[in-house]
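Input: a single structure, listed below in structure tokens.
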Amino acid sequence: MSQYYDMGDQTLWNPSNGASWLFMSQVSVYQAELGLPSGIGPMQADECQIDPLVFKEFVDALLAWHRRTSHAVIVALSEGFVATVLVLAERAGVEVNWLPAGVAEDGGLKDVQVPAAPVSSEGAWAAALTDLFVSSVGVVEV
């Protein structure tokens with residue numbers, strides 16, 4: 001058995017029931033952590049719809065949260081979920097905001113809170129997450 005993650009008539013992902021249950025459980029965790037809905041609708045009759053506008057906001061907030069996280073265990077626990085969400089975003093045609101917090105769209109800086117712990121270079125962070133994303137594309141069930 002499997003479940004379908006759809007956007008309109010397009011199926012973005014069709015994982016097994018077990019993988020889907022684990023993913024949806026994690027969706028609930030990260031919705032609570034971010035204080036935002038994910039845009040991933042409820043699973044009904046083995047199908048759910050993804051709202052692309054709400055999902056984009058969730059993906060951008062998730063990436064910003066992940067970028068700010070410096071705790072090694074939290075990073076390790078969250079990387080698989082973040083990679084899966086990025087694969088879904090890619091398949092949905094959602095344009096992901098890879099800009100670091102504090103950088104405006106025009107490239108200028110804006111006023112932000114200074115992090116308590118130093119963050120590794122943004123380029124290294126984005127490269128590591130992109131590598132995880134790229135390696136996940138071949139692993140995530142179609």
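Among the residues of region 65-72, is there at least one that is hydroxyl-bearing (Ser, Thr, Tyr) and more than 13 Å from residue 33 (Cβ to Cβ)? Checked region 65-72: at least one residue is hydroxyl-bearing (Ser, Thr, Tyr) and more than 13 Å from residue 33 (Cβ to Cβ).
Residues satisfying the criterion are present in region 58-77 (criterion: open to solvent by 30 Å² or more (accessible area, probe 1.4 Å), among the charged types (D, E, K, R), in contact (Cβ under 8 Å) with a residue 40 or more places away in the chain and within 19 Å of residue 96 (Cα to Cα)). The set of residues from region 1-18 being more than 16 Å from residue 51 (Cβ to Cβ) and open to solvent by 40 Å² or more (accessible area, probe 1.4 Å) comprises 1, 16, 17, 18.
If you go through region 20-50 and pick out every residue that is out of contact with any Leu (no Cβ under 8 Å at 6 or more places or on another chain) and farther than 17 Å from residue 3 by Cβ, you end up with 7. Among the residues of region 45-78, just one is touching a strand residue (DSSP E or B) at 6+ places or on another chain (Cβ under 9 Å) and among the polar types (S, T, N, Q), namely 49.
What single numbered condition from (1) open to solvent by 20 Å² or more (accessible area, probe 1.4 Å); (2) under 13 Å from the mean Cα position of the chain (by Cα) fails to hold for residue 46? Result: residue 46 fails condition (2) only. When 129, 86, 62, 99 are checked against the criterion of being farther than 26 Å from residue 5 by Cα, under 15 Å from the mean Cα position of the chain (by Cα) and modelled with pLDDT of 70 or more, a single residue qualifies: 99.
Cβ-Cβ distances below 6 Å connect the following pairs, each with a first residue in region 16-44 that is on the phi > 0 side of the Ramachandran plot, a second residue that is open to solvent by less than 60 Å² (accessible area, probe 1.4 Å) and part of a helix (DSSP H, G or I), and a separation of six or more residues or different chains: 39/54; 39/55; 39/58.
The values are calculated or read from the model by the stated rules, or taken from the named source; none is laboratory data. Quick caveat, the model's predicted, so the values are computed rather than measured. Positions of Cβ are generated from backbone atoms using ideal geometry, with glycine treated the same way; all protein chains shown enter the neighbour counts. Protein only, heavy atoms only, side chains kept; ligands, DNA and RNA dropped before computing areas. Shrake-Rupley method; radii C 1.70, N 1.55, O 1.52, S 1.80 Å.
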